[in-house]
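To keep things clear, I will list the structure first and then write my remarks on it.
The values are calculated or read from the model by the stated rules, or taken from the named source; none is laboratory data. Remember, it's a predicted structure, so these values are computed and weren't measured experimentally. Because the Cβ atoms are built from the backbone with ideal geometry, glycine has one as well, and the counts that use them run over all protein chains shown.
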């Protein structure tokens, strides 16, 4: 592909990992397609003051772990379309001076936002006619919250047909909406044999394999989860993805040592890895919280989702979509977690039906879809400019 953009800027915010990963996937798709001569990804929180940055990142994670019900209440209170724009914008403008300067001086032709913070600031700057470049907004959850609404935009990318319909009924022109899915690393679109991946990762070929996305769990819940899984009847191997949480990794390794290799269920703690797609390709079940990116990656690999402790608000709504589409079960009581997974493994036909449901709703090529649509929009824009 010949580049149709000279310069594209992708803006995320490191409030949780999902927004950043979506931005990185979109950047990679731009590079692989050769759609832009220059494409840059910026974490917008690096251009805000320290207090604001902590509010968005550390305070958010603390609330997830310590006061999730409060977070859910706030989520619902702020989900009032077009009602809280002025207050939120005033607060954000007060704390994002360097970011606003960056947005004013960028030479990008298109700015792609995977978080609502830069999207609303760009919308405000466009309304004031202080910038002329175009903006696309990539919603990184399956449902759409009022904070994602921006009056001045060129295009929205969403995960579901239902989300498109929701935005259309809130006044977003249908021509400005594309159902793309949530952008994930293009590697998830590559087929990988389960048995080959298990051999590569040193896993047993014939054990049910459960991947635990542990990033959002505190010390207490993860211990209870392991206790429940160790009581399973089925022979299983559990991969606990600890990321950069070294303390959690140490706790899981201690649990694994106590259980021993002779246990019916074998546990392995996995630290930070860039091979998440291979671990998912080796697995049968993903167990954890349904964040938008984790969901999208798991669906692309055809994994059955076992939902545990979703964050009230966006993850509750994500969970509803998974359950409605028949790709997940939910465990509300950790002591019966092993029992519920045993019951699922007792019914291989149901497991296969859920796997097929996951693959049916998966959109592993979402990042590519987004870039291809932006290329189309840019070409149409350039043709219009020539005619004028």
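Here is how the numbers come out for the structure above:
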{"item": "Pairs with Cβ under 8 Å, 6+ apart, first in the stretch 10-39 and assigned by TED's automatic domain parsing to the domain that holds residue 370 and closer than 12 Å to residue 182 by Cα, second modelled with pLDDT under 95 and assigned to a helix (DSSP H, G or I)", "result": "18/292; 18/293; 18/294; 21/293; 22/292; 22/293; 25/186"}
{"item": "Qualifying positions in the stretch 293-307 - surrounded by 24 or more Cβ atoms within 10 Å (Cβ to Cβ) and touching a strand residue (DSSP E or B) at 6+ places or on another chain (Cβ under 9 Å)", "result": "294, 295, 297, 298, 299, 301, 303, 304, 305"}
{"item": "Residues of the stretch 328-358 classified as surrounded by fewer than 17 Cβ atoms within 10 Å (Cβ to Cβ) and under 26 Å from residue 159 (Cβ atoms), total", "result": "7"}
{"item": "Lone unmet requirement of (1) closer than 17 Å to residue 292 by Cβ; (2) surrounded by 19 or more Cβ atoms within 10 Å (Cβ to Cβ); (3) at pLDDT below 90; (4) in contact with a helix residue (DSSP H, G or I) (Cβ under 6 Å, 6 or more places away or on another chain) for residue 21", "result": "(3)"}
{"item": "Residue list for the stretch 128-156, filter: within 19 Å of residue 16 (Cβ to Cβ) and either within 14 Å of the chain's Cα centre (by Cα) or surrounded by fewer than 22 Cβ atoms within 10 Å (Cβ to Cβ) (or both)", "result": "138, 139, 140, 141, 142, 143, 144, 145, 146, 147"}
{"item": "Count of the stretch 25-42 residues which are out of contact with any helix residue (DSSP H, G or I) (no Cβ under 8 Å at 6 or more places or on another chain), surrounded by fewer than 18 Cβ atoms within 10 Å (Cβ to Cβ) and assigned to a helix (DSSP H, G or I)", "result": "1"}
{"item": "Which listed residue, of 80, 53, is outside any helix (DSSP H, G or I) and at pLDDT 80 or above", "result": "80"}
{"item": "Check on residue 187, more than 30 Å from residue 33 (Cα to Cα), at pLDDT below 95 and touching a helix residue (DSSP H, G or I) at 6+ places or on another chain (Cβ under 8 Å)", "result": "no"}
{"item": "In the stretch 277-303, the residues that are part of a helix (DSSP H, G or I) and either farther than 15 Å from residue 198 by Cβ or not assigned by TED's automatic domain parsing to the domain that holds residue 330 (or both)", "result": "292, 293, 294, 295, 296, 297, 298, 299, 300"}
{"item": "Some residue of the stretch 104-124 being at pLDDT 95 or above, in a loop (DSSP other than H, G, I, E, B) and touching a helix residue (DSSP H, G or I) at 6+ places or on another chain (Cβ under 6 Å)", "result": "yes"}
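Okay, residues lined up against (1) without any contact (Cβ under 8 Å) to a residue 60 or more places away in the chain; (2) surrounded by fewer than 17 Cβ atoms within 10 Å (Cβ to Cβ); (3) outside any helix (DSSP H, G or I):
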residue: 182; (1), (2), (3): no, no, yes
residue: 191; (1), (2), (3): yes, yes, yes
residue: 196; (1), (2), (3): yes, yes, no
residue: 210; (1), (2), (3): no, no, yes
residue: 222; (1), (2), (3): yes, no, no
